[in-house]
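Data block below; observations after.
The values are calculated or read from the model by the stated rules, or taken from the named source; none is laboratory data. Source: prediction; values computed, not measured. Don't worry about glycine lacking a Cβ; one is built from the backbone with ideal geometry, like all the others, and counts go over all protein chains shown. Ligands, DNA and RNA are excluded from the accessible area calculation, which covers all protein heavy atoms including side chains. Shrake-Rupley method; radii C 1.70, N 1.55, O 1.52, S 1.80 Å.
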Amino acid sequence: MSDLYDDYEHAHEHEEHGEASDAGASRELTFDALPPIHGKGFAVTWWGQAWLKALEDTALELRQLKAGRALARAGAVGAVSVRPGRITAVVRDKGGATHRADVLLQQLDADAWDRFADMAVERAGHIAALLDRDMPPHLMEDAATAGVELLPGIGDLEPECECGAWDHCAHTTALSYQLARLLDQDPFLLFLLRGRGERELLDELQVRSAAHSAPEPGPGPEAEPYGVDTAEAYASALVLPPLPGEPELPQEPGVPPSLDTETPAPGELDADALEFLAAQTAAEARRMLADALADGHALRAPAPEPTPAEDAVRLAAGGPAERVARRLAEGSGRDREGLALAVRAWECGGPAALAVLERDEAPDAETAARARAALDSAWDEGERPALQTSRGRWTAAGGTAQLRLGGDGRWWPYRKERGRWTPVGPAAADPASALATALGAGEE
């Protein structure tokens, strides 16, 4: 468990949340005003949506909800302050008038926090999720079982506004919608609203986790043998639930969300390249799943991780836009023509074919003798093409067809196209078959 906290210390500085500033020893956080948004919802995460549901179930007037959403979308909510029990912001209405709006949420008492902490340290996954700024539903379910309701329910969000409304008005509604966007980014804001800052909560969980995981004192010299009986341990495995079934292979790769929005991409981000990368990742995930579901997968050794240059060629095989292709060519150490040739090789046989494109290793004497014998027996006398051998590349008379030996002993067919040797098919264990492919490619 301590490793989780070590990771946290290296990954997150104390109470930093993007543009938020820390005030009052993590008891209050202030976030800069968020830009307007168009054409999308305010909350993506389930806990952000739960926050909005509590608001929408509580508000009495649909008209005020719509007005608040419009103000929030238009960027009318100023800097948002979050502290235990209260969020505050100045909201500008359509007429230009400004109003201080507050939304209150009751803090948890010390006993409730004790129950929550005891529950969280029982499961390492809960703490790991929080350190990743995630709030899995089962954490909320376990907390509710312990009698701790972290998410607000109907009537829990109490409005206060300078406009004098006694129920949720457009200003407190706009503030609540804006907070849903902030909660999406950082669920720790919900804990702060309930009375515990991020650092305060994690410190408490760390102390309890260390005490929880400390080994119990061993037995004395006269005590009974310490441990669990072997037969008992094996017997307990019989009552474990069965493993879930294998997932079904989808017909097509998943479609990533479109990045074509009204908001420009930040900084140097290339939205086209990111969309292409997301689509290729979905396609590769489907390919890997298909491979995992194929017969004999467990008996095959895992494929080595591709090098950056190999992965650039794999991505280029997906048909990117010209601007993205130029970046991939640079990443693979090739020019555009060289990348196109590497893609041809990749399409013929993946990393193995790409290695043959760039490598020339002479066969050992036994491999060379077997290859010559196979070639001699494949053609009648007088019809056999003459081959000029040079290390691992054997070129047919006329200089238009070639065999190349791969590191696994298979032969790859090549054909000269526009002055460059180009792969024209998959590898074959029989060099005569590979040569026939290379010769036949010129007849197409």
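Net charge in the neighbourhood of E322 (other residues with Cβ under 11 Å of its Cβ; Lys, Arg +1, Asp, Glu -1) is +3. Rolling a 1.4 angstrom probe over the protein heavy atoms with all chains in place gives the stretch 35-83 an accessible area of 48 Å² per residue. With viscosity 0.692 mPa s and temperature 37 °C, the Kirkwood radius over alpha carbon pairs of the stretch 112-173 converts through Stokes-Einstein to a diffusion coefficient of 238 µm²/s. Across q = 0.16, 0.22 Å⁻¹, the stretch 59-193 modelled as identical point scatterers on its alpha-carbon atoms has Debye log10 I(q)/I(0) values of -0.83, -1.25, in the order of the q list.
Using a probe of 1.4 angstrom and keeping all protein chains present, the accessible surface of the stretch 336-444 works out to 52 square angstrom per residue. Solvent-accessible area of W412, all protein chains in place: 10 Å² (probe radius 1.4 Å, heavy atoms, ligands and nucleic acids excluded). Extension gain, R100 to K66, is 10.3 nm, computed as 0.36 nm per intervening residue step minus the present C-alpha separation. On the basis of the beta-carbon distance and an R0 of 60 Å, A79 and D430 show a calculated FRET efficiency of 0.25. Charge tally around L375: other residues with Cβ under 12 Å, Lys/Arg +1 each, Asp/Glu -1 each, net 0. Given their separation in residues at 0.36 nm each and the Cα-Cα distance between them, L293 and A265 gain 6.3 nm when the chain is fully extended.
Ligands, DNA and RNA aside, I127 has an accessible area near 0 Å² when probed at 1.4 Å. Calculated FRET efficiency, S258 to H138, Cβ-Cβ distance, R0 = 41 Å: about 0.85 to the nearest 0.05.
Take the Cα of D32, step 7 Å toward its Cβ, do the same at V44, and the gap between the two points is 2.0 nm.
Using 0.36 nm per residue and subtracting the Cα-Cα separation, the extra length available between E149 and R115 on full extension is 11.1 nm. The loop-placed trypsin sites (Lys or Arg not before Pro) in the stretch 335-408, going by DSSP, that have at most 15 neighbouring Cβ atoms within 10 Å of their Cβ come out as R359, R391. Between S390 and A321, the simple spin-label model (points 7 angstrom out along Cα→Cβ) gives 4.2 nm.
Surface composition of the stretch 286-444: carbon and sulfur make up 50 percent of the accessible area, probe 1.4 Å.
With each label modelled as a point 7 angstrom along the Cα→C-beta vector, the R336-A282 pair spans 2.8 nm. The simple Förster model, with R0 at 41 Å and r as the Cβ-Cβ distance, assigns E358 and V207 a FRET efficiency of 0.15.
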